[in-house]
1. Are any of the residues in the range 48-57 among the aromatic types (Phe, Trp, Tyr) and over 30 Å from residue 273 (Cβ atoms)?
2. Taking the condition outside any strand (DSSP E or B), within 20 Å of the chain's Cα centre (by Cα), exposed (fewer than 14 other Cβ atoms within 10 Å of the Cβ) and touching a residue at least 12 places away in the same chain (Cβ under 8 Å), does residue 207 pass?
3. Could you say whether any residue in the range 70-77 is out of contact with any Pro (no Cβ under 9 Å at 6 or more places or on another chain) and farther than 30 Å from residue 138 by Cα?
4. Read through the list (1) farther than 17 Å from residue 271 by Cα; (2) more than 20 Å from the chain's Cα centre (by Cα), then give the number of the only condition that residue 221 fails.
5. Restricting to the range 55-101, count the residues that are over 16 Å from residue 24 (Cα atoms) and part of a helix (DSSP H, G or I).
6. Checking the condition touching a Cys at 6+ places or on another chain (Cβ under 8 Å) and over 18 Å from residue 198 (Cα atoms), which residue from 278, 287, 283 passes?
7. All but one of (1) surrounded by 15 or more Cβ atoms within 10 Å (Cβ to Cβ); (2) of a type outside the set (S, T, N, Q); (3) farther than 30 Å from residue 118 by Cα; (4) in contact (Cβ under 8 Å) with a residue 40 or more places away in the chain hold for residue 140; which doesn't?
8. For the range 170-189, name all the residues that are aromatic (Phe, Trp, Tyr) and modelled with pLDDT under 95.
Amino acid sequence: MNLKIDNIPKNYNQIAIWGAGLTGLEVYRYFKEINTSVDFIIDSKVTANNKFDAPIISPAKLATLNLDEIYIFVSSNAYDNEIVSQIHALGKHSGYEIFSVCPKEIHEKTKNLLQSQPNFYQPIVNLLDDTISKKTLLKIIDYRVTLNSDLIHDIHVNNQYFQPFMKDTYDGFIDCGAYDGDTIESFVKFQNFSYKNIYAIEPDLQNVQKLKEKYPDIQTFTLAAWDKNEILNFDLNGSASGKVVDTSTTSNVQGDRLDNILLSEKVDLIKMDIEGAELKALEGCKEIIKQQQPDLAICVYHKVEDLHEIPLFIHDLNPNYTFYLRHHSRGHGETVLYAINTTN
């Protein structure tokens, strides 16, 4: 885990985690496992569903405390750079570190998989087009086995979902897991604020309402991208981490195939960050992929199987895709597979 609690200087008598999302929660649970107390969590959304035993405070509240006594673990996959900037803006330039943990299940499954099949990932290495992608894959695998976070610090790149090897313009963008429009905002900037059609797929009504307020001119679908038309048990929490779950004690949402709702539309870019449902959603848009061959930006870090099953699935659908892999955080998450149509 690379956590050296004993090396924290003695003048820091409080420990805080900045980030109340899934990454912060994983770090918090890990701290509990090693009997290290966390005094509070820092997050701009202090009203979020608190799954922590510790209180959540805002950055504004943090600014009123004695920062010289607080050691901060920055634990947010997607926003670590922004958080560090906020820490610096508070006048704090030491006494913090970017830190995340690899989920235990992914660590154990990857380790066991490679013990039984050492060359398991070689077909994926062979699929990837450039040296950066191959290096990224091998370092992610090594990190998952060794838990040495230094391995992934130097493969982090910015501009998640919108990379230099992608096209300059897109006519139809499907955002699966649209949340409150954060990726749509990046897409609009990527398109120099000139775009044609955006289709937002988001099952959480709280997030959909935010989307409609921010982008009233896009088409929004309150449903989960899936492989069939059916009602799903869903953990709705108004955050970016809502997901399909097994238990029936959660909310029900409509799941549907993208082929059922958008096959007749012009689609040339699909992004998916849907908490482990990516493969199901890809199965639900096979016809769009076969007929229109859109560029794809698919998260492959939620499940250990995603890193190999998703690229092989896409390749089987369309062997003409060129594949790239990029890692967009300094922690476990935000690994994205890019499948680029280079035939037109």
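The values are calculated or read from the model by the stated rules, or taken from the named source; none is laboratory data. Owing to the predicted nature of the structure, the values given are computational and were not obtained by experimental measurement. Quick reminder, even Gly has a Cβ in these numbers, built from the backbone with ideal geometry, and neighbours come from all protein chains shown.
1. So the first thing to find is which residues in the range 48-57 are among the aromatic types (Phe, Trp, Tyr), and the list is 52.
Keeping just the survivors that are over 30 Å from residue 273 (Cβ atoms) gives none.
No, the range 48-57 contains no residue that is among the aromatic types (Phe, Trp, Tyr) and over 30 Å from residue 273 (Cβ atoms).
2. Answer is no for this residue.
3. Yes, some residue in the range 70-77 is out of contact with any Pro (no Cβ under 9 Å at 6 or more places or on another chain) and farther than 30 Å from residue 138 by Cα.
4. (1)
5. Of the residues in that region, 11 qualify.
6. 278
7. With respect to (1) surrounded by 15 or more Cβ atoms within 10 Å (Cβ to Cβ); (2) of a type outside the set (S, T, N, Q); (3) farther than 30 Å from residue 118 by Cα; (4) in contact (Cβ under 8 Å) with a residue 40 or more places away in the chain, residue 140 is out only on (3).
8. 179
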